[in-house]
Amino acid sequence: MLIVKAATLALVLCVFTLALKKDQPSFAFLASACGAVCLLAFAAERLLPLVEWLHTLAGYGLAASASALLQVLGIALIAQFAADLCREAGLSAAASAVDLCGRMLALIQAAPMLQTLLDAFSGFLQ
């Protein structure tokens, strides 16, 4: 039922932002950004079990893969958050650029893990 709490917070934030938008748009954006940070912190707190699971994988000798996976996840979340803030501010071109940059950085970060997977697969086939 945590999603109900997050959705309720988002709905209250939307109503508050829309009420502020017509009179003070700069405060509306600030309220929207602060609310988004609060929701992101709420979600980040729920990611702790995933991080612990990845540390468990590191105990099995998969430390590099777990580290790369965490970095890719961080890149994706930060890029999505930044792009959404840009869209909220009306900067769609900047949002698209942040999206593209985040995707490229995540792909670059995941390339060694993909190479290891392909090497293991080719070894299995031989």
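The values are calculated or read from the model by the stated rules, or taken from the named source; none is laboratory data. This is a predicted model, so every value here is computed, not measured. Reconstructed Cβ throughout: ideal geometry from the backbone, glycine too, with neighbour counts over all protein chains shown. Protein only, heavy atoms only, side chains kept; ligands, DNA and RNA dropped before computing areas. Shrake-Rupley method; radii C 1.70, N 1.55, O 1.52, S 1.80 Å.
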Report relative contact order for the stretch 66-113 in percent, whole number only (criteria: Cα-Cα under 8 Å, sequence separation at least 6). 49 percent
Computed [θ] at 222 nm, deg cm²/dmol, the chain (DSSP H ≥ 4; -39,500 (n - 2.57); rounded to nearest 500): -31000 deg cm²/dmol
Label selected from (1) -0.40, -0.79, -1.15; (2) -0.29, -0.74, -1.22; (3) -0.47, -0.93, -1.20, the criterion being log10 I(q)/I(0) by the Debye sum over Cα atoms at q = 0.10, 0.16, 0.21 Å⁻¹ as computed here: (3)
Would you mind checking the stretch 81-101 for residues with the amide N under 18 Å from a putative spin-label position 7 Å along Cα→C-beta of residue 38? 85
Carbon and sulfur atoms account, in whole percent of the 1.4 Å probe accessible area of the chain, for 75 percent
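In nm, what is the difference between 0.36 nm times the number of residues separating residue 24 and residue 9 and their Cα-Cα distance? Before the final figure, lay out each step's value.
Numbers: separation 15, 0.36 × 15 = 5.40 nm, distance 2.10 nm.
Fully extending the segment from residue 24 to residue 9 adds 3.3 nm.
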Just subtract the alpha-carbon distance of residue 67 and residue 96 from 0.36 nm times their residue separation and send over the number in nm, one decimal. 7.7 nm
Note, the stretch 7-24: 3J(HN,Hα) by Karplus (6.51, -1.76, 1.60, θ = phi - 60°), whole Hz, Gly/Pro = x, goes 5, 5, 4, 5, 5, 4, 4, 4, 5, 4, 5, 5, 5, 7, 4, 6, 9, 9
Rounded to the nearest 10 degrees, what's the angle between the helix 63-88 long axis and the longest principal axis of the chain, both from Cα atoms, 0 to 90? 20 degrees
If I stretch the segment between residue 1 and residue 89 completely, what's the gain in nm (0.36 nm per residue apart, minus their alpha carbon distance), one decimal? 28.6 nm
